[in-house]
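Report on the following structure.
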Amino acid sequence: MENNNTLDHLLKIEAEAAALVSDAQAEADRRIRNNEEKCRSAYEDKFRERTKTLDAFLKNDEDKIKKQYQQALEDYRQEISGIKVDTESFSILLNKYLAGEKYGE
């Protein structure tokens, strides 16, 4: 009988230990899950913040480049609008080339 009581007692202790291990595993899983959620949330917050910063830099650079392009285009238009077109010389040169003569002969 004493062996049965010892065996029952050991089985009871083993069941309690299994319950403790199960509870500890559940607690560890809960903590891991909470930590993952916190880390993911922190990452997403930093990612959004950095993305906003980079988008602002990009927009600023894009605006600068557009202004530079518009200014360069306007400068070019003004430069070519001031050039005198010499149609007479062009016609003479064109006629020479079409007639087979080389320029400067």
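The values are calculated or read from the model by the stated rules, or taken from the named source; none is laboratory data. Source: prediction; values computed, not measured. Cβ placement follows ideal geometry from the backbone for every residue including glycine, while neighbour counts extend to all protein chains displayed.
Restricting attention to region 40-56, does a residue exist that is of a type outside the set (S, T, N, Q), more than 23 Å from the chain's Cα centre (by Cα), surrounded by 10 or more Cβ atoms within 10 Å (Cβ to Cβ) and part of a helix (DSSP H, G or I)?
Within region 40-56, not a single residue is of a type outside the set (S, T, N, Q), more than 23 Å from the chain's Cα centre (by Cα), surrounded by 10 or more Cβ atoms within 10 Å (Cβ to Cβ) and part of a helix (DSSP H, G or I).
Of the residues that make up region 67-85, is at least one surrounded by 10 or more Cβ atoms within 10 Å (Cβ to Cβ), part of a helix (DSSP H, G or I) and β-branched (Val, Ile, Thr)?
No, the conditions are met nowhere in region 67-85.
Do we have Ser89 as exposed (fewer than 10 other Cβ atoms within 10 Å of the Cβ), under 50 Å from the mean Cα position of the chain (by Cα) and modelled with pLDDT of 85 or more here?
So Ser89 fails the test.
Inspect all residues belonging to region 4-22 and state whether any of them is modelled with pLDDT under 95, in a helix (DSSP H, G or I) and surrounded by fewer than 10 Cβ atoms within 10 Å (Cβ to Cβ).
There is at least one residue in region 4-22 that is modelled with pLDDT under 95, in a helix (DSSP H, G or I) and surrounded by fewer than 10 Cβ atoms within 10 Å (Cβ to Cβ).
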